[in-house]
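Visitor: If you scroll down you'll find the structure; I have some questions about it.
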Amino acid sequence: MEVKARAPGKIILSGEHAVVHGSTAVAASIGLCTYVSLQVPPSNENDDRLTLQLKDMALEFSWPIGRIKEALSSLGGPFPSTPTSCSAESFKLILALIEGQNILEAKISLASGVSAFLWLYTSILGFKPATVVVTSDLPLGSGLGSSAALCVAFSAALLACSDTVNIDMKQEGWLVFGESELELLNKWAFEGEKIIHGKPSGIDNTVSTYGNMIKFRSGNLTRIKSSMPLKMLITNTKVGRNTKALVAGVSERTLRNPDAMSSVFNAVDSISKELANVIQTPASDDLSITAKEEKLEELMEMNQGLLQCMGVSHVSIETVLRTTLKYKLASKLTGAGGGGCVLTLLPTLLSGTIVDKVIAELESCGFQCLIAEIGGKGAEICFSASS
Ligand SMILES: Nc1ncnc2c1ncn2[C@@H]1O[C@H](COP(=O)(O)OP(=O)(O)O)[C@@H](O)[C@H]1O
Ligand SMILES: C[C@@](O)(CCOP(=O)(O)O)CC(=O)O
Ligand SMILES: [Mg+2]
């Protein structure tokens, strides 16, 4: 049997980092996904390995099931309906399994994704042989939530193969889990994100699970329906960075300056709430689309200023801000910052010629631009009779 899962990346319109400290944030899924295919060999086949292929990186990891069992059976499980955190001790055992796999120094950042896989796999499915293949449209470590999309896609495929979720495997095409299954999937993906991010807020896995646009605060989501067209230019500075380190840096700054940072986080909270209001309030005679876009631009700029206060901007981000400002366009970093991606609002009345010019100028700096489809589907699964 083969099950496929796909889960989207995201943009954060307002509130990254502050959301880790209890502020409101607003995020939307985008039309770029991570795909996982999970193939369980027929029980009469003599295949007793768990294999993980990261196709985009041409990497393969493979373990005899007996070796995984030997290393991890003390953890108990599987416990698919009880999302459980990977303790420091379990993490050490998992790392020992990965250390035997010779990840090249240049690709060592992938080790956290592979660790999340091993934790989710053994916790949800136990010690069954399988081949799992991953591909992704998303750039890794760029602020578009590749870590969460990976954890959501893994969890969706694994839960679909477990006996926990009630889903008709004979249905064709891409399927969406029911509400309670989505909740379970989101909780498992959050456990995976914890392995990759250290201290995630949960916003990325939540928006990847549910799709569309959400307002998120302290683990609680409110679905948002946009009442205006929202077109965003995403500029990838291609400066690599690591969310875990940036999140830890903001926490250290908060420990050093608790009062000042608490004011910064409160200001971000207000900005995110206001941004959600602007997006949801229908345009009227008193509030035109253009006026709404101007409000959004101002809120994005204010949020960017506060992200600078948190210490997560970067010279490459500042170059994007300066470049777009020449065309009177407002931008902010999205995701963890420190490089990665920047969002620029493209107002409805902006001419195509200007958009082409700004993209050409950004690309001449070595950046990569794309115009995202915002607020699409969340996680989906698909069964096939195996190949
Ligand atoms: N397709 C993938 N294959 C393997 N690992 C991945 C994949 N996508 C994400 N990851 C893991 O997530 C990490 C990037 O996550 P992070 O630093 O949070 O940035 P972002 O979530 O913005 O892309 C990678 O270093 C890797 O460990
Ligand atoms: C910085 C943060 O707010 C978002 C991180 O997003 P990304 O991993 O950079 O895509 C962290 C979090 O909310 O878990
Ligand atoms: Mg991430």
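Visitor: Consider Ser142 against the criteria (1) within 14 Å of ligand 1 (Cβ to nearest atom); (2) at pLDDT 95 or above; (3) not in a loop (DSSP other than H, G, I, E, B): it satisfies all of them except one. Which criterion is unmet?
Guide: For Ser142, the failing item is (3).
Visitor: Moving on. Considering only region 1-97, give the strands (runs of 3 or more DSSP E) lying wholly within it that have at least 2 residues that are within 15 Å of ligand 1 (Cβ to nearest atom) and touching a helix residue (DSSP H, G or I) at 6+ places or on another chain (Cβ under 6 Å). Quick ask: steps written out before the conclusion?
Guide: Values: elements: 2-14, 25-39, 49-54, 59-64.
Answer list for region 1-97: 2-14, 25-39.
Visitor: Can you confirm whether Val320 is more than 25 Å from His21 (Cα to Cα), buried (at least 23 other Cβ atoms within 10 Å of the Cβ), over 21 Å from the mean Cα position of the chain (by Cα) and not acidic (Asp, Glu)? Outline the logic, then answer.
Guide: Values: more than 25 Å from His21 (Cα to Cα): yes; buried (at least 23 other Cβ atoms within 10 Å of the Cβ): yes; over 21 Å from the mean Cα position of the chain (by Cα): yes; not acidic (Asp, Glu): yes.
Yes.
Visitor: Considering region 1-24 alone, what residues qualify as being open to solvent by less than 10 Å² (accessible area, probe 1.4 Å) and under 20 Å from Ala379 (Cβ atoms)?
Guide: Val3, Ala5, Ala7, Pro8, Gly9, Lys10, Ile11, Ile12
Visitor: Ok, one more. For Ser180, are the conditions met, namely being hydroxyl-bearing (Ser, Thr, Tyr) and either within 16 Å of ligand 3 (Cβ to nearest atom) or not assigned by TED's automatic domain parsing to the domain that holds Ser73 (or both)? Even if it seems obvious, please write down each step before you answer.
Guide: Working: hydroxyl-bearing (Ser, Thr, Tyr): yes; either within 16 Å of ligand 3 (Cβ to nearest atom) or not assigned by TED's automatic domain parsing to the domain that holds Ser73 (or both): no.
Considered against the rule, which asks whether it is hydroxyl-bearing (Ser, Thr, Tyr) and either within 16 Å of ligand 3 (Cβ to nearest atom) or not assigned by TED's automatic domain parsing to the domain that holds Ser73 (or both), Ser180 comes out as no.
Visitor: Same structure, new question: Can you name the residue in region 268-312 that is of a type in the set (Gly, Ala, Ser) and touching a helix residue (DSSP H, G or I) at 6+ places or on another chain (Cβ under 6 Å) and, of all such residues, is modelled with the highest pLDDT? Outline the logic, then answer.
Guide: Filtering region 268-312 down to residues of a type in the set (Gly, Ala, Ser) leaves 270, 272, 276, 283-284, 288, 291, 305, 311.
Narrowing the set further to residues that are touching a helix residue (DSSP H, G or I) at 6+ places or on another chain (Cβ under 6 Å) leaves 283, 311.
Working: Ala283: 91, Gly311: 98.
This residue is Gly311.
Visitor: Run down Leu144, Leu159, Leu140 and say which single residue is within 11 Å of ligand 3 (Cβ to nearest atom) and crowded, with 24+ Cβ neighbours inside 10 Å. Give the derivation first.
Guide: Details: Leu159 fails: within 11 Å of ligand 3 (Cβ to nearest atom); Leu140 fails: crowded, with 24+ Cβ neighbours inside 10 Å.
The conditions single out Leu144.
Visitor: Okay, next question. Would you point out the residue of region 197-236, among those that are away from ligand 3 (no atom under 16 Å from the Cβ) and of a type in the set (S, T, N, Q), that is most open to solvent (accessible area, probe 1.4 Å)?
Guide: Asn220
Visitor: Further, regarding this structure: For Lys332, only one of the following conditions fails: (1) under 28 Å from Arg6 (Cβ atoms); (2) open to solvent by 10 Å² or more (accessible area, probe 1.4 Å). What is its number?
Guide: (2)
Visitor: Here's something else I'd like to know. Would you point out which residue out of Leu175, Leu158 is touching a residue at least 40 places away in the same chain (Cβ under 8 Å) and over 16 Å from Pro78 (Cα atoms)?
Guide: Details: Leu158 fails: over 16 Å from Pro78 (Cα atoms).
Of the residues listed, the single one that is touching a residue at least 40 places away in the same chain (Cβ under 8 Å) and over 16 Å from Pro78 (Cα atoms) is Leu175.
Visitor: Can you confirm whether Leu52 is touching an Asp or Glu at 6+ places or on another chain (Cβ under 8 Å) and more than 16 Å from ligand 3 (Cβ to nearest atom)? Before you say what the answer is, go through the steps one by one.
Guide: Values: touching an Asp or Glu at 6+ places or on another chain (Cβ under 8 Å): yes; more than 16 Å from ligand 3 (Cβ to nearest atom): yes.
So Leu52 fits the description; yes.
Visitor: Name the single residue that is surrounded by the most Cβ atoms within 10 Å (Cβ to Cβ) among those in region 25-50 being touching a Phe, Trp or Tyr at 6+ places or on another chain (Cβ under 7 Å) and over 30 Å from Leu233 (Cα atoms).
Guide: First pass over region 25-50, keeping only residues touching a Phe, Trp or Tyr at 6+ places or on another chain (Cβ under 7 Å): 25, 27, 36, 49-50.
From the residues that got through so far, the ones that are over 30 Å from Leu233 (Cα atoms) too are 49-50.
Numbers: Arg49: 15, Leu50: 24.
Residue satisfying both the conditions and the ranking: Leu50.
Visitor: I'd like the full set of residues that are in contact (Cβ under 8 Å) with a residue 60 or more places away in the chain and open to solvent by less than 70 Å² (accessible area, probe 1.4 Å), limited to region 92-119. Give the steps one after another, and end with the answer.
Guide: Step one: list which residues in region 92-119 are in contact (Cβ under 8 Å) with a residue 60 or more places away in the chain, which gives 109, 112-117, 119.
Ser112, Gly113, Val114, Ser115, Ala116, Phe117, Trp119 - these are the residues of region 92-119 that are in contact (Cβ under 8 Å) with a residue 60 or more places away in the chain and open to solvent by less than 70 Å² (accessible area, probe 1.4 Å).
Visitor: On to the next question. Identify, by number, the condition in (1) more than 24 Å from Ile359 (Cβ to Cβ); (2) within 16 Å of ligand 2 (Cβ to nearest atom); (3) open to solvent by 10 Å² or more (accessible area, probe 1.4 Å) that Ser272 doesn't meet.
Guide: (3)
Visitor: Right, next: Quick one: in region 335-349, of everything that is open to solvent by less than 30 Å² (accessible area, probe 1.4 Å) and β-branched (Val, Ile, Thr), which residue is nearest to Ser142 (Cα to Cα)?
Guide: The residue in question is Val342.
The values are calculated or read from the model by the stated rules, or taken from the named source; none is laboratory data. All of these numbers come straight from a predicted model, not from anything done at the bench. We place every Cβ from the backbone using ideal geometry, glycine too, and count neighbours over all the protein chains shown. Side chains are part of the model used for accessible areas, which takes the heavy atoms of the whole protein and leaves out ligands, DNA and RNA. Shrake-Rupley method; radii C 1.70, N 1.55, O 1.52, S 1.80 Å.
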